[in-house]
Amino acid sequence: MRLMVKLTFAAGTAGRVTAAGVMLLTVAGCATFSEDGGFTVAETVASEQLGQQAVWLRDDSERSEASAKVSRLLDAELTPETAVQVALLNNPGLQAAYAELGISEADLVQAGRLPNPGFSYESTSGGGAREIERGLEFGVISFLTMPFRLEIEQRRFEAAKLRAAGDTVDLAMESRKAYFQAVAARQTLSYMREVLDAAAASRDLMARMRRVGNASRLELAREQLFHAEVTVALGRASGAALSSREALIRALGLWGAQIDFKLPERLPDLPDAPTEIRDLEQKALAQRLDLQLARHELDSLSKNLGLARATRFVNVLEAGPVQVRDRGEPIRDGYHVMFEIPIFDWGDAKVAKAELLYEQARERFREAAIGARSEVRLAYQRYRTAYDLARHYRDELVPLRRQISDEQLLLYNGMLVGVFELIADAQQQVLTVNGFMEALRDFWIADANFQHAMLNSASAGAMRAAGTLALPGGGDTGGH
């Protein structure tokens, strides 16, 4: 009978066995799931930066509670804030993104647990003799590299927290923009219906005047053309209102009777003054989630490089006590040693790859920081330009157009101008009012884009999906 214990050691790490063993005895007993699942970061960002509540729905009671709150919010007319809150509570894509937190934490917990030992049993007989061999094997390379793997998985978990927070910000801002698009489209549709009614009245009036000889064929054709063009514009406005409402429905995660929510008749008024922010770039660099994520992933690659260097001469050194017992013979004690000789693979390719991946990630981090500075500057300039344009419409163009219309009406009442001048002025007024509504819509969207740029990059989700700064090898830490 033979009892063999086989242990696997990493070459180059023997001096760390005692320290690693003491550490692992501690961490192995602490490999448990956290109470919040890593959701606190996203929850805090939603509360402090967005002024909203983010919820990770992990059981039926939480889903029921969130559904009830969504129903209460939808009972009243939606505001930009309530629209964002509904999205954070109800969007299934966001909940799927939050599940990545649990997946990452599961990897962390798994990295903190010792591998199960293997047991082998062999029995042979012949020539009147029988021999039994039993083996117990431990993969100690995993034991010795556990501190490295734990640290790497911890950093991945921290990165997952930032990704969840970034997904929260992204959805909030996309929902906010979808809200303003939907309200603006509805306001435009309502106004174009009024314009069409007025155009029909003008066309009919011109037709009657033509029949009695008070209008030319050209003047009638112009009114008919204007009515036809407004009809086309109304059709486009109707399609835009439907598309923008459906986009908002998707962002809010609504279906069934929920899609019958109420929107206001018009956009919010322009603020009295634009937002002024000092040290714009510094604030953005300090709080942008995509840069924090890139920094964490860069640190993870640095740790991965350290592990690759530590295990470059592996692969294995196996050692352990051996006991052999044959029938009729006393027990014989000994030991077993086996190691690979690094003749063909010295690990230099693995280390070179890890170093280049780190250098690549470092340069991409610098590129992301430069891009963030530019993005926030551009977003702020667009915000200010949109504000100035909307204010110009509000304070100059619209009042002047109204003044001209009032004067034209007075002249018409005094029989100093004809109906043709009055109709032409009304057509010009349509263009000014439409321009103001578009300018006001563009301002609120620019405002949302600016807030987005201060907190996260709009392209961060695409970067993460492409795995630009992902760790190599799908999570391989370099151990064997």
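The values are calculated or read from the model by the stated rules, or taken from the named source; none is laboratory data. None of these values were measured; they are calculated from a predicted model. No Cβ is skipped: glycine too gets one built from the backbone with ideal geometry, and neighbour counts run over all protein chains shown. Keep in mind that these areas ignore ligands, DNA and RNA; they rest on the heavy atoms of the full protein, side chains included. Shrake-Rupley method; radii C 1.70, N 1.55, O 1.52, S 1.80 Å.
Computed quantities for the displayed model
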| item | result |
| --- | --- |
| Filter result for the condition that a residue is among the acidic types (Asp, Glu), open to solvent by 90 Å² or more (accessible area, probe 1.4 Å) and out of contact with any Leu (no Cβ under 7 Å at 6 or more places or on another chain), over Glu359, Glu367 | Glu367 |
| Inter-residue pairs, beta-carbon under 7 Å, first under 12 Å from Ser457 (Cβ atoms) and in segment 359-374, second outside any helix (DSSP H, G or I) and modelled with pLDDT under 90, 6+ apart | Ala372/Ser457 |
| Neighbours by Cβ (under 6 Å, 6+ apart or cross-chain): first from segment 88-115, among the acidic types (Asp, Glu); second part of a helix (DSSP H, G or I) | Glu100/Ala160; Glu105/Phe157; Asp107/Glu153 |
| Hits in segment 55-103 (condition: closer than 13 Å to Ala172 by Cβ and either touching a strand residue (DSSP E or B) at 6+ places or on another chain (Cβ under 7 Å) or of a type in the set (S, T, N, Q) (or both)) | Thr82, Gln85, Asn90, Asn91 |
| Residue among Gly21, Gly38 that alone is over 29 Å from the mean Cα position of the chain (by Cα) and modelled with pLDDT under 95 | Gly21 |
| Flag for Ala294 being at pLDDT below 90, among the small types (Gly, Ala, Ser), surrounded by 14 or more Cβ atoms within 10 Å (Cβ to Cβ) and not in a helix (DSSP H, G or I) | no |
| Residue match in segment 167-176 (condition: of a type outside the set (A, V, I, L, M), in a helix (DSSP H, G or I) and more than 30 Å from Ala448 (Cβ to Cβ)) | no |
| Which numbered condition Ala257 fails, given (1) within 30 Å of Val398 (Cβ to Cβ); (2) over 27 Å from the mean Cα position of the chain (by Cα) | (1) |
| Among residues of segment 202-213, those that are open to solvent by less than 100 Å² (accessible area, probe 1.4 Å) and either outside any helix (DSSP H, G or I) or of a type in the set (A, V, I, L, M) (or both), counted | 5 |
| Complete set of residues in segment 220-260 that are among the polar types (S, T, N, Q) and crowded, with 17+ Cβ neighbours inside 10 Å | Ser244 |
| Residue in segment 269-279 that is among the hydrophobic types (A, V, I, L, M, F, W, C), open to solvent by 60 Å² or more (accessible area, probe 1.4 Å), at pLDDT 90 or above and under 23 Å from the mean Cα position of the chain (by Cα) present | no |
| First in segment 175-194 and among the aliphatic types (A, V, I, L, M), second anywhere and open to solvent by 40 Å² or more (accessible area, probe 1.4 Å) and at pLDDT 95 or above, Cβ under 7 Å, 6 or more apart | Ala182/Arg245; Ala184/Arg441; Ala185/Ala240; Leu189/Ser238 |
| Among the candidates Ala426, Ala446, Ala372, residue that is more than 32 Å from the chain's Cα centre (by Cα), modelled with pLDDT of 65 or more and among the small types (Gly, Ala, Ser) | Ala426 |
| Single match in Ala184, Ala199 (criterion: of a type outside the set (Phe, Trp, Tyr), buried (at least 23 other Cβ atoms within 10 Å of the Cβ) and assigned to a helix (DSSP H, G or I)) | Ala199 |
| Within segment 24-35, tally of residues that are at pLDDT 50 or above and either open to solvent by less than 30 Å² (accessible area, probe 1.4 Å) or at positive phi (or both) | 1 |
| Among (1) open to solvent by less than 70 Å² (accessible area, probe 1.4 Å); (2) more than 30 Å from Gln52 (Cβ to Cβ) - the single one Gly166 does not satisfy | (2) |
